[in-house]
Structures are given as structure tokens and as C-alpha cells.
Amino acid sequence: MKWGIIATWRMALEGVSQAAKELEQGVNAGDALEHAIRVVEDNPRYRSVGYGGLPNEHGIVELDAAFMDGDHFDIGAVAAIQDVKNPISAARKLSSNQFNRFLVGQGATAFAQKAGLERINMLTDEARTIWQKRLEEMKNSDLSPYDGHDTVGVVCLDLMESMTAGTSSSGLFMKKSGRVGDSPLSGSGFYVDSEIGGATATGLGEDLLKGCLCYEIVRLMGEGMTPQEAADRAVYRFHDKLVRKKGKAGAMSLICMNKHGEWGVATNVEFPFVVATEEEGPTVYIANKGAGHSTMIERATREQIEKCE
Ligand code: GLY
């Protein structure tokens, strides 16, 4: 029996390290994944997830999150939820409902409150200052207001051969109120089938939700591809298609793991990610698009780990 966990961005390192210890001791993939994402959500240093996430154009932090159990295909998701400390926990709770599994806005916030989840003002002083500065910049330049859309996404395999996938994000900085990205959308932001494997995405939601790349990667793994082959095939073909159709493709980085704990990644931007398996302790890698439809992956150096999020 094998366990494994893969997560987007260096910001997941602490959460993955905690979850890896849990998985090694036999904790189930649902708990380990929720704990890993909560660690990121709770850290105000990370400006694209949870507490300290950057707000929408009105200075309000609206958060998206999703949870999927690959044994039973139970999915729960929230979008534009406010003042809830751990959106991933709200998503996971919703995943056990028979109906009403994806709630948005006030409905999502009210559900979390009723479920007893901790509520706090998610806008930190630092995030407010960055927002105010951006408002000023917008008055004096034609700079695009939109920035920062780095979702924490996790795929987890436990010793009982169960798999989960989850995401959490504050979405695009300066987004319109009510804007929803790919992160809470099944197939685009995440997908997992314990009989095959799982995938999650980070990048520009407006482009990611055109491709359903998480579903596609899992489907390709199910057809017999290795995780790396599936990620390369799905991501770079879609990147090229977007360039053909629209003239450009937004940032997109996908991670995946199969039911054997083997993993893969593909990206069209420089992309740090974190892996821990039975064979390797928590490790930060950096991926870049290689020649043709391939991905270059290197272990991050200590300096790179300190520098990047
Ligand atoms: N990928 C996160 C977002 O665009 O909202």
C-alpha cells in the first residue's frame, strides 16, 4: 500500500509536510487533504488563499473552494464565500449533502455559520493596503487591475487506496463582486477518481474553465497514460488550441497523481509545486514548459524555496 500527496505552489510545503506525516500514520485522504489546505488558508503571508487573500474591487475578500472524494464522487464547493476562516472545510461539509452541494455568496456564508465554522474578517491590514495602492495606480495608469490567481490545489492518496482532491483560492485580485474562477468547478479546478487518480489546476480561471483539464488528465490516466504523459498531453494541446483560437493563453499549471502515487505536472509558466510520497519526503520542485509538449522539472534549491511562494 502506498500513500502520496501533491500540491500547487511552494506555499503548500508546510501543509503537505503535516499531511505527509498523517498519511504515513494511516490518516484518511479526506482529513489529510483538509488539514493541508487549512494550513495554507490560515497563513496571512499567502495573498491568494484564505486569510490575507487579496480582495475584489470593493475591498471584500470572496473565496472559492472545493472538495472531492474519489471513492464515492462526493463533491462539495463554495464560491464567493465571505468571512469564513476555512472555505475548504465548508466545501468538505457540503460534499456529504445529498442536495445543495455547491453554494455561492450569502448562501455559502450562511451555511458555514450554521455548520459552526469559525468566522473572521478575512481582509488583513496588509491586503487592504495593497488594494488601496492598486486603486490609486488604476487612477493614474491603464494597468490591468487583474492579478494574482494562485490557487492551492491538492491531490491526496491514502494507505486505504482512497483519493481526494481539493482547492482553495481568493481568485483574481480586483475581480468583480461575484466573479467565480475554475477552482470550485468540477473538471476544471479539480477531479479525482480513486480507481484512476486525480488532478487540480492553478492559473487564470477564465481560461482554465474552457478546458476541463483536470477531468481530461484523469481520463487520459484512465486510458493508460502515466501522470506525466497525461498532464503534458492535456495541458500543451489545450494551450496551443487557445493560442490558435484566441491569440494567447493565460497562465495554467496542472498537477496530478495516479492511484499508485506516481505524479505529473505541466505548466506554461514557471511553477513551483510540492510532493511527498512513501519514497520521498516533502520536496519542492520547479516546473517549466520544455521543448515541444514536454515539462522540465527540477528540485528547488534552498534559496529558491525561501524566495518563492
Ligand atoms: N484559478 C483561480 C481563479 O482564477 O480564480
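Look through region 87-123, keep the residues that are among the β-branched types (V, I, T) and surrounded by fewer than 19 Cβ atoms within 10 Å (Cβ to Cβ), and return whichever of them is modelled with the highest pLDDT. Looking at the filtered set, the residue picked out is V104.
Just to confirm my filter: which strands (runs of 3 or more DSSP E) fall fully inside region 238-309 and include at least 2 residues that are among the polar types (S, T, N, Q)?
On the way: elements: 252-258, 263-267, 271-277, 283-289, 295-299.
Correct list: 252-258, 283-289.
Yes/no per residue for (1) in contact with a Leu (Cβ under 8 Å, 6 or more places away or on another chain); (2) within 16 Å of the ligand (Cβ to nearest atom):
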{"residue": "G153", "(1), (2)": "no, yes"}
{"residue": "T164", "(1), (2)": "yes, no"}
{"residue": "S186", "(1), (2)": "no, yes"}
{"residue": "V192", "(1), (2)": "no, no"}
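Within region 231-262, the residues that satisfy the criterion of being under 20 Å from G70 (Cα atoms) and either aromatic (F, W, Y) or out of contact with any helix residue (DSSP H, G or I) (no Cβ under 8 Å at 6 or more places or on another chain) (or both) are K259, H260, G261. In the condition set (1) outside any loop (DSSP other than H, G, I, E, B); (2) small (G, A, S); (3) buried (at least 22 other Cβ atoms within 10 Å of the Cβ), G53 is compliant with all but (1). Scanning region 56-70 for residues that are outside any loop (DSSP other than H, G, I, E, B) and more than 15 Å from the ligand (Cβ to nearest atom) yields F67, M68, D69.
Look at region 36-56: where a residue is under 16 Å from K175 (Cα atoms) and a partner is β-branched (V, I, T) and part of a helix (DSSP H, G or I), sitting 6+ places away or on another chain with Cβ atoms under 8 Å, you get R47/I130; V49/V40; G50/V40; L54/I130. Please find, within region 169-193, the residue that is nearest to F273 (Cα to Cα) out of those that are crowded, with 24+ Cβ neighbours inside 10 Å and of a type in the set (F, W, Y). Across region 169-193, the extreme among qualifying residues is F190.
Each residue in region 1-31 was checked for being in a loop (DSSP other than H, G, I, E, B) and within 13 Å of the chain's Cα centre (by Cα), and 1 pass.
Among the residues of this structure, F73 does not count as one that is within 21 Å of T200 (Cα to Cα), crowded, with 24+ Cβ neighbours inside 10 Å and of a type in the set (F, W, Y). Taking first residues from region 262-284 that are under 29 Å from V243 (Cα atoms) and partners that are at pLDDT 95 or above and acidic (D, E), the Cβ contacts under 6 Å between residues at least 6 apart in sequence or on separate chains come to A266/D232.
For region 29-43, the condition holds for at least one residue, the condition being that it is in contact with a Ser or Thr (Cβ under 8 Å, 6 or more places away or on another chain), modelled with pLDDT of 95 or more, of a type outside the set (V, I, T) and farther than 23 Å from T283 by Cβ.
Selection of region 194-223 for residues being assigned to a helix (DSSP H, G or I), crowded, with 20+ Cβ neighbours inside 10 Å and away from the ligand (no atom under 12 Å from the Cβ) yields E216, I217, V218, L220, M221.
The numbered conditions (1) at pLDDT 95 or above; (2) within 16 Å of the ligand (Cβ to nearest atom) are all true for K176 except (1). Taking the listed residues A80, A32, the one that is touching a helix residue (DSSP H, G or I) at 6+ places or on another chain (Cβ under 7 Å) and at positive phi is A80, with no other qualifying. Candidates V78, V84: the one that is aliphatic (A, V, I, L, M), buried (at least 24 other Cβ atoms within 10 Å of the Cβ), at pLDDT 95 or above and within 23 Å of I130 (Cα to Cα) is V84.
The values are calculated or read from the model by the stated rules, or taken from the named source; none is laboratory data. Small disclaimer: the values here were computed from a predicted structure and weren't measured. Virtual Cβ from ideal backbone geometry, glycine too; neighbours counted across all protein chains shown.
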